[in-house]
């Protein structure tokens, strides 16, 4: 008899941990979740705040300090002027603000009355301007603002001759960085009886504004529209034009030729109350690239010294301000940063109308949580601190005026930033591609 | 009546003069307008302006009180952002008539182009002839009366307001998010009063009303596969 075959003994289990496959590629958990949602609903996704993706930023630049080539200015005992004059090209009364940091357009509707009032009061602390955004000018905002910019939106909701008469400056809006080419979305959850009455909208019904002005169907018409607005305002106040950053170099030329006093360029980092995720993620170029393109366009037109350049989109601290000014901007505008100063945590849920901090909501219980005076003080503090940060850097670079910062004061920390901006890499006077003011 | 020959004047000079005259409630005749753009924009007051000829773009924009009569044609964007008063055009207008009108009354005796009353907020707009496509789009308030043939997608995405129409084919030209219904007796009376005021010989009872469908959100058709609709 042959011997019974013996079962093979199991190999001893390895004690070495097995590698765990984590999908970092295209089929990651986020991709899978997005597909499942679309498969279920057949719809694209709407979300608040703006993009969550990586963009090259102003942090990729550094400022060259003055040493022996330039003498630094004393941080604590010597002044660096921050007063900024915007829109003096044709306006008899340009917008004069005490800091080059403005508050950008955010609507009453997307934001609560308390948040708009706090932002307006915040402008009083530091002597800057607030912009009403789409949907009408809230009386509490106008009554409390230091300087009031009034937006002329395509929808013209809440807009009339009276809005113009209340303005220290006008801003014709063509697009915003968060959703360029698209118009305002205000979800029904925020359209209460009060907001509905203010905007002439049925309560609870989503608003999808249209992206083109009913009375500006092209750049040629814009020339006449601006003349009309000049006539209405007797050439007193500035007229700005806000655009999302796309073909910036060409767009600013058209705006300048149409006769604006200033252009506002909103980079792709810009925020909004609600937007299709596709738009925030895949439309437009970031602020870093947009500033350079705007400056190039205005310089090629020979109007850089006439037309004010205001940039927005992801501006968060004094370094961003200083660098934007060094690149050629005359001022910056902030939105998300000012909301964070009031308590926002950028939870990306503005579109739901539920905001635990009483900012992006119309829910009375949530609105009651926002202490207007405290929030206003925090907004003022934030802008003051940013302004001081910018002057600190400017003084270190040997400037007694913020406006004296220049592109020669900058170097790029990354090859990407150098290629995007035309600013030389650190430790060199060389760049990639098109130079930006260096030769 | 004050007569202004504007042939040698620029529009700023004309409008400055009109502002003074309308403030005083005068009646003014403008001759040789030569299709001037931006004529009579931002004028307040209570007077009357009669233009003997045709005007260009933005005629009567932001008007707030006076009556403006144009005996010829007007260009694009006539009555833009108008807040009050009257604009009466004896012949035709260009497209985008009275965009974002807030108040007052516009009467066009002839035809107009596409997108009449784009984003209307209030007031009355009467077109005795034809109107082009997408008229009354995104209306938030006010009343439109279109007595001739209407173009495609009329009333698209209205939120408020009403469009009265006589075109028997209108059902095939409705935009999204609106519905057609018989004119109510109160509306009929109000429209008849407007007809009488502006000398329009029409029967208000023969009109139908386009009103918004108001519910949770507008429906948009963003994908239109032709193989399902059978359309090329």
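The values are calculated or read from the model by the stated rules, or taken from the named source; none is laboratory data. Computed from a predicted structure; not experimentally measured. When we count neighbours, we look across all protein chains shown, and the Cβ atoms used for this are built from the backbone with ideal geometry, even at glycine.
Being out of contact with any strand residue (DSSP E or B) (no Cβ under 7 Å at 6 or more places or on another chain) and surrounded by 15 or more Cβ atoms within 10 Å (Cβ to Cβ) narrows it down to one residue among B:153, B:167, B:203; which is it? Explain how you work it out, then say what you get.
Working: B:167 fails: out of contact with any strand residue (DSSP E or B) (no Cβ under 7 Å at 6 or more places or on another chain); B:203 fails: surrounded by 15 or more Cβ atoms within 10 Å (Cβ to Cβ).
Within the list B:153, B:167, B:203, the selection yields B:153.
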Being part of a loop (DSSP other than H, G, I, E, B) and either outside the structural domain of residue A:227 (by TED's automatic domain parsing) or within 20 Å of residue A:386 (Cβ to Cβ) (or both) narrows it down to one of A:40, A:78, so name that one. A:78
What do you reckon, is residue A:242 touching a strand residue (DSSP E or B) at 6+ places or on another chain (Cβ under 9 Å) and at the interface with chain B (Cβ under 10 Å from one of its Cβ atoms)? no
Determine if region B:54-66 includes at least one residue that is over 16 Å from the mean Cα position of the chain (by Cα) and over 20 Å from residue B:120 (Cα atoms). yes
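Scan region A:313-325 and tell me whether some residue there is outside any strand (DSSP E or B) and within 30 Å of residue B:13 (Cα to Cα).
Looking only at region A:313-325, we keep the residues that are outside any strand (DSSP E or B), and these are A:313-325.
Next cut, within 30 Å of residue B:13 (Cα to Cα) only: none.
No, every residue in region A:313-325 fails to be outside any strand (DSSP E or B) and within 30 Å of residue B:13 (Cα to Cα).
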When region B:92-116 is examined, which residues are found to be out of contact with any strand residue (DSSP E or B) (no Cβ under 6 Å at 6 or more places or on another chain) and within 14 Å of chain A (Cβ to nearest Cβ)? B:94, B:95, B:96, B:97, B:99, B:100, B:101, B:102, B:113, B:114, B:115
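Can you give me the ranges of the helices (runs of 4 or more DSSP H) entirely in region A:335-402 with at least 1 residues that are under 20 Å from the mean Cα position of the chain (by Cα)? Even if it seems obvious, please write down each step before you answer.
Numbers: elements: A:336-342, A:364-367, A:372-396.
So the answer is A:336-342, A:372-396.
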Across region A:187-198, the tally of residues that are in contact (Cβ under 8 Å) with a residue 60 or more places away in the chain and within 11 Å of another protein chain (Cβ to nearest Cβ) stands at 3
All but one of (1) within 14 Å of another protein chain (Cβ to nearest Cβ); (2) under 13 Å from the mean Cα position of the chain (by Cα) hold for residue B:89, so report the exception by its number. (1)
Quick check on region A:204-221: of everything there that is within 9 Å of chain B (Cβ to nearest Cβ) and outside any loop (DSSP other than H, G, I, E, B), which residue is modelled with the highest pLDDT? A:221
Residue selected from region A:144-158 under the condition away from chain B (no Cβ under 14 Å) and part of a loop (DSSP other than H, G, I, E, B), by the criterion surrounded by the most Cβ atoms within 10 Å (Cβ to Cβ): A:145
Checking the conditions here, which among A:260, A:291 is closer than 16 Å to residue A:407 by Cα and either crowded, with 20+ Cβ neighbours inside 10 Å or not assigned by TED's automatic domain parsing to the domain that holds residue A:176 (or both)? A:291
Name the one entry in A:201, A:224, A:161, A:182 that is facing chain B (nearest Cβ under 9 Å) and either under 21 Å from residue A:268 (Cβ atoms) or touching a residue at least 60 places away in the same chain (Cβ under 8 Å) (or both). A:161
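One line per residue, one yes/no per condition, for (1) closer than 24 Å to residue B:198 by Cα; (2) at pLDDT 95 or above; (3) within 14 Å of chain A (Cβ to nearest Cβ):
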position	(1), (2), (3)
B:12	no, yes, yes
B:31	yes, yes, no
B:42	yes, yes, yes
B:73	yes, yes, no
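Go through region A:1-26 residue by residue and tally those that are under 19 Å from residue A:278 (Cβ atoms) and surrounded by 10 or more Cβ atoms within 10 Å (Cβ to Cβ). Reasoning before the result, please.
Looking only at region A:1-26, we keep the residues that are under 19 Å from residue A:278 (Cβ atoms), and these are A:26.
Keeping just the survivors that are surrounded by 10 or more Cβ atoms within 10 Å (Cβ to Cβ) gives none.
Selection size over region A:1-26: 0.
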Given (1) modelled with pLDDT of 95 or more; (2) closer than 21 Å to residue A:167 by Cβ, where does residue A:79 come up short, assuming only one miss? (2)
Within region A:222-258, work out how many residues are on the phi < 0 side of the Ramachandran plot and not in a helix (DSSP H, G or I). 13
Would you tally the residues in region B:124-142 being in contact with a strand residue (DSSP E or B) (Cβ under 6 Å, 6 or more places away or on another chain), within 14 Å of chain A (Cβ to nearest Cβ) and either on the phi < 0 side of the Ramachandran plot or surrounded by fewer than 24 Cβ atoms within 10 Å (Cβ to Cβ) (or both)? 2
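Might you check whether a residue that is in contact with a strand residue (DSSP E or B) (Cβ under 6 Å, 6 or more places away or on another chain) and outside any strand (DSSP E or B) occurs anywhere in region A:259-267?
To start, the set of residues in region A:259-267 that are in contact with a strand residue (DSSP E or B) (Cβ under 6 Å, 6 or more places away or on another chain) comprises A:260-266.
Those left that are additionally outside any strand (DSSP E or B): A:260-261.
Checking region A:259-267: at least one residue is in contact with a strand residue (DSSP E or B) (Cβ under 6 Å, 6 or more places away or on another chain) and outside any strand (DSSP E or B).
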Kindly indicate whether residue A:343 is at pLDDT 95 or above, surrounded by 21 or more Cβ atoms within 10 Å (Cβ to Cβ) and either at positive phi or out of contact with any strand residue (DSSP E or B) (no Cβ under 6 Å at 6 or more places or on another chain) (or both). no
Take the conditions assigned to a strand (DSSP E or B), touching a residue at least 12 places away in the same chain (Cβ under 8 Å) and either surrounded by 24 or more Cβ atoms within 10 Å (Cβ to Cβ) or in contact with a helix residue (DSSP H, G or I) (Cβ under 9 Å, 6 or more places away or on another chain) (or both) and apply them to residue B:85. Does it pass? yes
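Residues that are assigned to a loop (DSSP other than H, G, I, E, B), within 13 Å of chain B (Cβ to nearest Cβ) and either at pLDDT below 95 or surrounded by fewer than 22 Cβ atoms within 10 Å (Cβ to Cβ) (or both): does region A:136-143 have at least one?
If we filter region A:136-143 for residues that are assigned to a loop (DSSP other than H, G, I, E, B), which is where we start, we get A:136-138.
Right, trim to within 13 Å of chain B (Cβ to nearest Cβ) and you get A:136.
With the extra rule that they be either at pLDDT below 95 or surrounded by fewer than 22 Cβ atoms within 10 Å (Cβ to Cβ) (or both), the set shrinks to A:136.
The answer is yes; a qualifying residue exists.
Can you list the strands (runs of 3 or more DSSP E) found entirely within region B:117-184 that contain at least 2 residues being touching a residue at least 60 places away in the same chain (Cβ under 8 Å) and under 12 Å from the mean Cα position of the chain (by Cα)?
Details: elements: B:124-127, B:143-146, B:162-165, B:178-182.
Qualifying strands (runs of 3 or more DSSP E): B:124-127.
Determine, yes or no, whether residue B:196 is modelled with pLDDT of 95 or more and surrounded by fewer than 16 Cβ atoms within 10 Å (Cβ to Cβ). Full working, then the answer.
Numbers: modelled with pLDDT of 95 or more: yes; surrounded by fewer than 16 Cβ atoms within 10 Å (Cβ to Cβ): yes.
Yes, satisfied.
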